[in-house]
Each structure stands twice: as C-alpha cells, then as structure tokens.
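Just so it is clear, none of the values below were taken in a lab; they were calculated from the coordinates. Quick caveat, the model's predicted, so the values are computed rather than measured. Positions of Cβ are generated from backbone atoms using ideal geometry, with glycine treated the same way; all protein chains shown enter the neighbour counts.
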Amino acid sequence: MGVNILGIGSYVPPLTVDNDMMSTIVDTNDEWITTRTGIKTRHMVNGESTWYIGAQAAKAAVLNAGIDVKDIGLIIDSTITLEFHTPSAACLIQREIGAENAACFDIGAACSGFVYGFDTAMRYLMTDDSLKYVLLVANEALSRITNFEDRSSCVLFGDGAAAVVLEKSDKLFTSWLGADGNGAKFLYCRSGKADHPFMTEDRENVHDGMDDSITHEYIFQDGKEVYKFATKALPTAALNAAKKIDMDIGDVDVFVPHQANVRIIETAAKNLGVSLDKFVLTLDRFGNTSSASIPLAFDDAVRTGRIKRGDKVCFVGFGAGLTLGSVIFEY
Ligand code: UT7
C-alpha cells in the first residue's frame, strides 16, 4: 500500500527580501549569511495571512490534480504560524477552496510537519476505503514569529506554502517518524498568557524546562544544538524509513530534505554516503520555511523536471520538538 501524489502546487508571497535588505535591520552581511547558511533571499508575507497563502497553494494543487474539490475527504494542514489558536488552518482552507466534504485538522510537528502529515494521510487512505483524496497543505509565515532583532535567527527564515493531493496507490512507500522531547528547550516559541482572574498565590508552578528569561512570542533557538541534532536526524530518519522495507538508501533517486542550512544538508549527505547531487536545494531562494520547505522544494524540482514520474524520492525533515521523520515513495 502506498500513496500517489496526484497534484502539487505552491505559493510564495511576492515580497522578496535579500541579504542586503537584512543587513539594513541587523548587523549582518551577504557574505556571512551565504557562507554560513546558503541563503540569499527569502519571501515574506506583506499582510497576507498564513491560511490565505496555504489556500493559494491548495488551489494550485487541486488544479494540477484535475480533481473535483468536492471529492477531497480530508484536509491536513501543517503550520506553526497560524494567526488563530482556533479554528484550524485546514478549516479556513476548506472554506476558501470549497472542499465541503472534507474533514479538517492541523498537525503540529514544526519543520517535520509535512512528513508527519504525509505519513498520517497514508494511514487514513489505507484504512478508509471511502476516502478518495487527501489534501495535505504546509503553510508558514515565519515572519510573524521571527525576532528581527536577533541576527542569528532572523536571517534564516522565510514564508511560503505548498500543497499536495494524495490518493491510494500500490507504488513503493515507506515512512518513519521520531521525536526527542528532551531537546524541546533548543527550539521553541512561547504562546499566549497563562493567567486568569482566579489565580492564587499558592499555585503550583511546574517548570517547563525552557529559558525563563525568554517570554516573547518569537522563535528561540540554540543554533549549535539544533545544528548537531539536524546532521544526525536527517540520516537517521532516512535510513530508518529505508530499513523498514529492506531498501538500500543508495537506491533513492532524489532526496528532498528540510531546507534549513546547506551545511546541514552537506553533512547529512556525507553521513549517508550519498552524493550531494542527489539533494534538492532551494534554500538560496526561499530560506527556511519550516514545514513548507520540503513541499516547496519538491514542487520546484517537479516543475523544473529534476524529479520525474517513477523516481524514488525521499522526503526527510527535522524540527522543533525535537522531531524528525522521513517518507520514501515512488513519484
Ligand atoms: O528548522 C530548524 C531551525 N534551525 C536550524 O536548523 C538552525 C541550525 N543552526 C544553524 O544553522 C547555525 O548554527 C546558524 C546559522 C544559526 C549559526 O551558524 P554558526 O556557524 O553556528 O554560527 P555561530 O552561532 O557559531 O556564530 C558565529 C559568529 C558569532 O560571532 P562571534 O561570537 O564569533 O564574534 C555570531 O555572533 O557569527 C556571529 N553571527 C553573525 N554574524 C553576522 C551570528 N549571526 C550572524 C549574522 N551575521 N546573521
């Protein structure tokens, strides 16, 4: 039992911010950003909401799949940057595209969210014969939660969205997901206030393990710790997925990794014993768009002919949580 990607679409907001523009707001420069990360430009929303850019990608994917939107039975959305705690982004996208017969929920696995969503979609398709199509969307407006005074993180992130229409198939498919909550303190973003009018002085304060001095609702990361985790996570996840079906990782034609830092991807390729030529890299143009980065890179690779039908493709990601995961499938 596998999954076929019937259609794909993406959307990036038109506003482009290059490294020179970043150097006008923090003490940085194009040379540092390029050599340390591989990023040259990123897109940022200019008032557009996160659900809206997701809906644009979803419309493109549905059009590309050539299906009736009413045949979508489930919408799964991955985002950490929605402007609402509720409703879900999936519900807002359903409303926007008119997918009135779809159940809707969001998935929270940060930058690994698209891989987690892909695995979840496969399990729904496998267990529900009445389900024809799943729409999986990843949409992120990281500029909403970026600290633009922190040069070590603000230069990394970008905004964008991509979506796929999935259906059942007999083609090759394997997946593996993992997490390490002990690493939660290395990458997080606080949300909302916790107080209410009936709080008492003798309340129990359970420490969350994060840095108490960081109270704002911005992404905090310990770059070095995340870097160390990432270089191990990418090979671990890909190898674990391959191992489940006794597949040689060398038989993967194209890897589409989470686009966080070109040096992380280079090290991961080396650790896997695979040529870097097999890795799709789009972070020079889009930066790190969290869970949207894998499908954005995939869409780009399909549109430019880098990935063709029949190719064995490996999606592999890591992110806050800490989370990691991989799916390997025939496109
Ligand atoms: O989706 C997952 C999210 N996050 C990641 O994947 C991040 C993983 N980590 C990384 O990619 C890297 O750790 C960074 C790109 C964040 C940082 O690169 P690094 O090579 O680990 O740099 P560093 O933190 O060791 O900093 C080296 C120097 C420092 O200066 P000093 O102390 O040596 O004088 C920093 O203050 O570079 C400085 N620096 C900068 N300089 C110019 C940090 N950020 C900048 C900047 N421009 N934007």
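Couple of notes before you dig in:
- Centre-to-centre separation between the Cα atoms of region 11-45 and those of region 102-125: 30 Å.
- In order through region 30-36: 3J(HN,Hα) via Karplus (6.51 cos²θ - 1.76 cosθ + 1.60), integer Hz, x for Gly, Pro: 4, 4, 5, 5, 5, 6, 7
- For LYS270, the aspartates and glutamates whose Cα falls under 19 Å of its own Cα, not counting residues fewer than eight places away in the same chain, are ASP248, ASP251, ASP253.
- With the convex hull drawn around the C-alpha atoms of region 191-331, the volume per residue stands at 153 Å³.
- Measuring r between the beta carbons of LEU15 and LYS244 and using R0 = 45 Å, the FRET efficiency lands at 0.60.
- More than 12 angstrom apart: percent of Cα pairs within region 102-141: 59 percent
- Cβ-based net charge around SER213, under 14 Å, with every Lys or Arg adding one and every Asp or Glu removing one: -3
- Volume per residue that the Cα convex hull of region 259-328 spans, once the total is divided by residue count, Å³: 94 Å³
- The convex hull of the Cα atoms of region 27-160, projected and averaged over all directions, covers 9.2 nm².
- Reach of LYS168 by Cα under 14 Å, taken over aspartates and glutamates that are not fewer than 8 positions away in the same chain: ASP71, ASP119, ASP128, ASP129, GLU330
- Extent along principal axes [Cα atoms of region 1-41; Å; largest to smallest]: 51, 23, 11
- Label-point separation, ASP30 to LEU63 (7 Å along Cα→Cβ), nm: 3.3 nm
- Gyration tensor verdict on region 133-190 (Cα atoms; rounded if a/c is under 1.5, prolate if a/b is larger than b/c, oblate otherwise): oblate
- Rounded is the label for the chain. Its Cα gyration tensor axes, ordered a ≥ b ≥ c, give a/c under 1.5.
- The rule of thumb for compact globular proteins, 2.2 N^0.38 Å, goes into the C-alpha radius of gyration of region 43-117 1.07 times.
- Each peptide among 93-101, 68-76, 311-319 gets the average number of other Cβ atoms lying within 10 Å of its residues, and from highest to lowest they stand as 311-319, 68-76, 93-101.
- Computed helical MRE - 222 nm, the chain, DSSP H runs ≥ 4 contributing -39500 (n - 2.57), nearest 500: -9000 deg cm²/dmol
- Build a GNM of the chain with springs between Cα atoms under 10 Å apart, and of THR86, THR35, THR174 the one that fluctuates most is THR86.
- Neighbours of VAL274, meaning other residues whose beta-carbon lies under 12 angstrom from its beta-carbon, give a summed charge of -3 when Lys and Arg score +1 and Asp and Glu score -1.
- For the listed residue pairs LYS232/LYS308; LYS243/LYS278; LYS59/LYS193, the alpha carbons are over 26 angstrom apart in LYS232/LYS308; LYS59/LYS193.
- Dipole of the chain, positive direction: furthest Cα of VAL256, GLY183, SER152, with charges on the beta-carbon: VAL256
- A straight line joining the Cα centroids of region 245-279 and region 134-182 runs 18 Å.
- If you wrap the tightest convex hull around every Cα atom of region 178-261 and split its volume per residue, you get 149 Å³.
- GNM top mover of ASP202, ASP211, ASP277 - the chain, alpha-carbon springs below 10 Å: ASP202
- Qualifying chymotrypsin sites (Phe, Trp or Tyr not before Pro) for region 104-197 [loop in DSSP, other Cβ within 10 Å: at most 16]: PHE148
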